[in-house]
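First the structure, in the form of structure tokens, and then the observations on it.
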Amino acid sequence: MKKICVIGSLNMDLVVNVEEMPKKGQTLIGSNFNEIPGGKGANQAVAAARLGGDVCMIGKVGNDSFGQSLLNQLKTDNVKTDYIQIEDGASGVAIITVDKNAENAIVVSPGANFKLTEDDIDRCIDGIKESSTVVIQLETPIDTIKYALEKSKELGKFTILNPAPAVKLSDDIIKNVDLLTPNETELEILSGVSINCEDDIKKAANVMLEKGVKQLIVTLGSKGSLYLDKDKMEFKKSYKVNAIDTTAAGDSYTGALSVSLSQNKSIDEAMNFASKVGALCVTKVGAQTSLPTVDEVLNYEF
């Protein structure tokens, strides 16, 4: 099996449940509170590992209790942690509010994640060299992301960019992305095209393809996902489940894609598998606590 290198963030998620999202200036009494390992990078690494991927991760944690807990969880899930460095100071933290409709609002304090540098990528270059696929998100410094993508392409790797949290990206970043996995909001921000219908998604996707992206999979929440390249477009319906918490749903989807593609599966097969994984993810609470194993996916009756 081909190896996967995930470059990105590790956060401790501090999760509280509420009936409704608080309004400006409002104080609410929540119900449950949990500390759950998260961070988009770590979520995608754990998702891929639980689904049978051979995964290493490049990132940073702080020298605090959260950092040690985050490392321990990755090791438990068989993610190779040799390339995760410990930095003086705080680890990344995400404060997450989840309402009764399973929708969430998230505030992230990056901590050590924003101390990941180009020199760190060079120090951990073996993690990229030994992998066939490199998966990156946007919770580490943009200059480091740009450099990591450049090095990955120089080494002939297949690159997947999950552009979240969404920001405008330079063409120098976009041109080194083989597969872009935005949701509709992220695609709108990246492309500058206002999205109100399927035709708008096509227009926005074409903007990204013209900038150098080879393929896009646009996730559409409960509606499904849409694959686009210069030659074709393919829609995949979502699997219907009772959603409890949407945290890490997108991360589980990207992690599942990376595993399927590393196993030489077709885009259609990869999207189908990722759709099942994303559906199962929202039936549980939390980030890494909600990520399914390959056996759970294969044995679940949709």
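The values are calculated or read from the model by the stated rules, or taken from the named source; none is laboratory data. Everything numeric here is computed off the predicted structure, so don't read it as measured data. A quick note on method: Cβ atoms are made from the backbone with ideal geometry, for glycine too, and the neighbour counts reach across all protein chains shown.
Please enumerate the residues belonging to segment 130-159 that are among the small types (Gly, Ala, Ser) and more than 17 Å from the chain's Cα centre (by Cα). Lay out the reasoning, then the answer.
Taking segment 130-159 as the starting set, the residues that turn out to be among the small types (Gly, Ala, Ser) are 131-132, 148, 152, 156.
Those that are among the small types (Gly, Ala, Ser) and more than 17 Å from the chain's Cα centre (by Cα): Ser131, Ser132, Ser152, Gly156.
Kindly indicate whether Lys23 is charged (D, E, K, R) and assigned to a helix (DSSP H, G or I).
no
Of the conditions (1) in contact with a Gly (Cβ under 8 Å, 6 or more places away or on another chain); (2) crowded, with 24+ Cβ neighbours inside 10 Å; (3) free of Cβ contacts under 8 Å to residues at least 60 places away in the same chain, Gly53 clears all except one; give me its number.
Checking Gly53 against (1) in contact with a Gly (Cβ under 8 Å, 6 or more places away or on another chain); (2) crowded, with 24+ Cβ neighbours inside 10 Å; (3) free of Cβ contacts under 8 Å to residues at least 60 places away in the same chain, the one that fails is (3).
Which one is surrounded by the most Cβ atoms within 10 Å (Cβ to Cβ), of the residues in segment 268-294 that are touching a Lys or Arg at 6+ places or on another chain (Cβ under 9 Å) and more than 20 Å from Ala102 (Cβ to Cβ)?
Result: Met271.
Can you report the number of residues in segment 205-231 which are buried (at least 17 other Cβ atoms within 10 Å of the Cβ) and either of a type in the set (D, E, K, R) or in contact (Cβ under 8 Å) with a residue 40 or more places away in the chain (or both)?
6
Which condition does Asp77 not pass, out of (1) at pLDDT below 95; (2) crowded, with 18+ Cβ neighbours inside 10 Å; (3) not β-branched (Val, Ile, Thr), if it passes all the others?
The single condition Asp77 does not satisfy is (1).
Sort out which residues of segment 144-190 are closer than 19 Å to Gly221 by Cα and either among the small types (Gly, Ala, Ser) or assigned to a helix (DSSP H, G or I) (or both), and write them in order of number.
Residues satisfying the conditions are Ala164, Ala166, Glu184, Thr185, Glu186, Leu187, Glu188, Ile189, Leu190.
Taking the conditions exactly as written (in a helix (DSSP H, G or I) and either hydroxyl-bearing (Ser, Thr, Tyr) or modelled with pLDDT of 90 or more (or both)), does Leu216 satisfy them or not? It would help to see each step written out before you state the result.
Working: in a helix (DSSP H, G or I): no; either hydroxyl-bearing (Ser, Thr, Tyr) or modelled with pLDDT of 90 or more (or both): yes.
Answer is no for this residue.
Taking Ile128, is it touching a Cys at 6+ places or on another chain (Cβ under 6 Å), touching a residue at least 60 places away in the same chain (Cβ under 8 Å) and among the hydrophobic types (A, V, I, L, M, F, W, C)? Spell out the reasoning first.
On the way: touching a Cys at 6+ places or on another chain (Cβ under 6 Å): yes; touching a residue at least 60 places away in the same chain (Cβ under 8 Å): yes; among the hydrophobic types (A, V, I, L, M, F, W, C): yes.
Here the answer is yes, as Ile128 does meet what is asked.
Could you give every pair whose Cβ atoms fall below 6 Å, whose first residue belongs to segment 18-40 and is at negative phi, and whose second residue is surrounded by 11 or more Cβ atoms within 10 Å (Cβ to Cβ) and β-branched (Val, Ile, Thr), counting only separations of at least 6 or pairs across chains?
Matching pairs, first to second residue: Val18/Thr97; Leu28/Val18; Gly30/Val16; Gly30/Val18; Phe33/Val16; Asn34/Val15; Ile36/Val15; Ile36/Thr289.
Which of the residues belonging to segment 191-201 are in a helix (DSSP H, G or I) and either among the aromatic types (Phe, Trp, Tyr) or buried (at least 16 other Cβ atoms within 10 Å of the Cβ) (or both)? Before the answer, list the steps.
Of all residues in segment 191-201, those in a helix (DSSP H, G or I) come to 191, 198-201.
Matches in segment 191-201: Ser191, Asp200, Ile201.
Can you tell me how many residues in segment 72-111 are farther than 19 Å from Pro165 by Cβ and outside any loop (DSSP other than H, G, I, E, B)?
Residues that pass the stated criteria total 10.
Of everything in segment 30-64, what is assigned to a loop (DSSP other than H, G, I, E, B) and at pLDDT below 95? Give them in sequence order. I'd like the intermediate steps shown before the answer.
Of segment 30-64, the ones assigned to a loop (DSSP other than H, G, I, E, B) are 30-32, 39, 51-53, 63-64.
Residues satisfying the conditions are Gly30, Ser31, Asn32, Gly39.
Collect the residues in segment 105-129 that are closer than 18 Å to Gly255 by Cα and either under 16 Å from the mean Cα position of the chain (by Cα) or among the hydrophobic types (A, V, I, L, M, F, W, C) (or both), keeping them in residue-number order. Show your work before the answer.
Going residue by residue through segment 105-129, those that are closer than 18 Å to Gly255 by Cα are 127-128.
Once the filter is applied, which keeps residues that are closer than 18 Å to Gly255 by Cα and either under 16 Å from the mean Cα position of the chain (by Cα) or among the hydrophobic types (A, V, I, L, M, F, W, C) (or both), segment 105-129 yields only Ile128.
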